[in-house]
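No lab work stands behind these numbers, since they all come straight from the coordinates. Because the structure is a prediction, the values reported are computed rather than measured. Don't worry about glycine lacking a Cβ; one is built from the backbone with ideal geometry, like all the others, and counts go over all protein chains shown.
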Amino acid sequence: KVVCVTGASGFIASWLVKFLLQRGYTVKASVRDPNDAKKTAHLTSLDGAKERLKLFKADLLEEGSFDSAIEGCDGVFHTASPFFHDVKDPEVELLEPAIKGTLNVLSSCSKSKSVKRVVLTSSIAAVAYNGKPRTPDVVVDETWFTDPNIARESKLWYVLSKTLAEEAAWKFVKEKGIDLVTINPAMVIGPLLQPTLNTSASAILDLINGAQTFPNLSFGWVHVKDVANAHVQAFEVPSASGRYLLVERVCHYSEVVGILRELYPALRLPEKSADDKPFAPTFQVSKEKAKSLGINYIPIQTGLKETVESLKEKQFANF
Ligand code: NDP
């Protein structure tokens, strides 16, 4: 079978490409610049890549850009989307590529006669910010949708970009009759295949590279291999439908630091929160639906250890 992965050089997508090649798929991988070895060498050296990986040039903002990568594919994994918090112009840097890019990819899918299912990498960002209180007894599940007004008012631009992109995707596929499944992971950790530093790994790097404080935030955390595997399952399991939240465990940053301290007792880690407020409460995230994809979560301890080891190996960590 032939599948397309957009944004193939990214953190999650690289693992997805690896797993797809392992499973015998032919992978049409879109990247912005196929000639940039820094973005592609880790892909072209994967087992099976020589025979079954083809690189395509595509940009989220160029209409029709994904046509040739998607033509003839049975499935499309749309992972490409900018993931940054530090932006000057959110409209240009985040919202446009996320929303227009998603519609661009979906319209290439609607033109193709071969595509049977599209798997979209959405996020818990498109689920959990709806103004409902988040406390330890609250269970966030797939029926939740982030309220774009709340995201906009709070200037959570990345959250807004993922929310509007997923919303636009559901609207488009309803009109065009495309089979869409979304994967909505929490913060993704685990080893990096790509040589560049992605945003969720940099959240861990900040903690181990001498920060004085940790953010006063509680997040869900999930291993990149589980996320990549869930994408594959979402395509392969015929009954898969709708959205799938992926969270191994919800932890406050103080707990993440605690786990890191147990793993690396000699390491200087931040001792206090970035503000004097009470710690942001944790909450629960339903694991029920993801169970039907057969996801058996890798524990956060393993994910954190592998993230740190990978950051060391790639010389991002300064110890
Ligand atoms: P990366 O930054 O590693 O990957 C993002 C990918 O998007 C890169 O391949 C990047 O290409 C591509 N991209 C960005 N802008 C454009 C553009 N204009 N045209 C074409 N490609 C573009 O991040 P992740 O792997 O973490 O993210 C992958 C997906 O997963 C995203 O949709 C993200 O929102 C989602 N996600 C991530 C989570 C996490 O914690 N990591 C959690 C939940 C969801 P290039 O390499 O050329 O910059």
Give the Kirkwood hydrodynamic radius (Å, one decimal) of the chain, defined as one over the mean of 1/r across all pairs of different Cα atoms.
-> 19.9 Å
Expressed as a percent, the portion of alpha-carbon pairs in the stretch 88-134 spaced more than 11 Å apart is 76 percent
If you take the square roots of the eigenvalues of the alpha-carbon gyration tensor of the stretch 267-319 and sort them as a ≥ b ≥ c, do you get rounded (a/c under 1.5), prolate (a/b over b/c) or oblate?
-> oblate
Where does each of SER68, SER9, SER292 land when they are ranked from fewest to most other beta-carbon atoms within 10 angstrom?
-> SER292, SER68, SER9
Rg/Rh for the stretch 156-275, where both radii come from Cα atoms and Rh is the Kirkwood radius = 1.05
Would you list TRP144, TRP170, TRP221, TRP15 from fewest to most Cβ contacts within 10 Å?
-> TRP170, TRP144, TRP15, TRP221
Calculate the length of the line joining the C-alpha centroid of the stretch 194-214 to that of the stretch 91-120, in whole Å.
-> 30 Å
Quick one: grab the alpha carbon gyration tensor of the stretch 59-199, order the square roots of its eigenvalues as a ≥ b ≥ c, and give me rounded if a/c is under 1.5, else prolate or oblate depending on whether a/b is larger than b/c.
-> prolate
Over the Cα atoms of the stretch 190-233 the radius of gyration and the largest Cα-Cα distance (Dmax), both in Å, equal 12.8, 41
To the nearest Å, what is the center-to-center distance of the stretch 39-82 and the stretch 244-319, using C-alpha atoms only?
-> 30 Å
State whether the stretch 9-112 is rounded, prolate or oblate according to the following rule on the C-alpha gyration tensor (a ≥ b ≥ c being the square roots of its eigenvalues): a/c under 1.5 gives rounded; otherwise a/b larger than b/c gives prolate, and the remaining case gives oblate.
-> oblate
Asserting the computed 222 nm helical MRE of the chain (DSSP H runs at least 4 long, -39500 (n - 2.57) per run, divided by residue count, to nearest 500) equals -11500 deg cm²/dmol
In the neighbourhood of GLU166 defined by beta carbon distances under 12 Å, the net charge of the other residues (Lys, Arg +1; Asp, Glu -1) is +1
Over the Cα atoms of the stretch 209-259 the radius of gyration and the largest Cα-Cα distance (Dmax), both in Å, equal 15.3, 48
Could you state the angle between the C-alpha long axis of helix 224-236 and the longest principal axis of the C-alpha atoms of the chain, as a value from 0 to 90 degrees rounded to the nearest 10?
-> 30 degrees
Between the Cα axis of helix 157-176 and the main Cα principal axis of the chain, the angle (0 to 90°, nearest 10) is 30 degrees
Setting aside same-chain residues fewer than 8 positions from LYS111, which lysines have a Cα under 30 Å from its Cα?
-> LYS1, LYS18, LYS28, LYS39, LYS50, LYS54, LYS57, LYS100, LYS162, LYS171, LYS174, LYS176
Once normalised by the length of the chain, the mean sequence separation of its alpha carbon contacts under 8 Å that are 6 or more apart gives a contact order in percent of 18 percent
Just rank PHE319, PHE56, PHE145, fewest to most, by other beta-carbon atoms within 10 angstrom.
-> PHE319, PHE145, PHE56
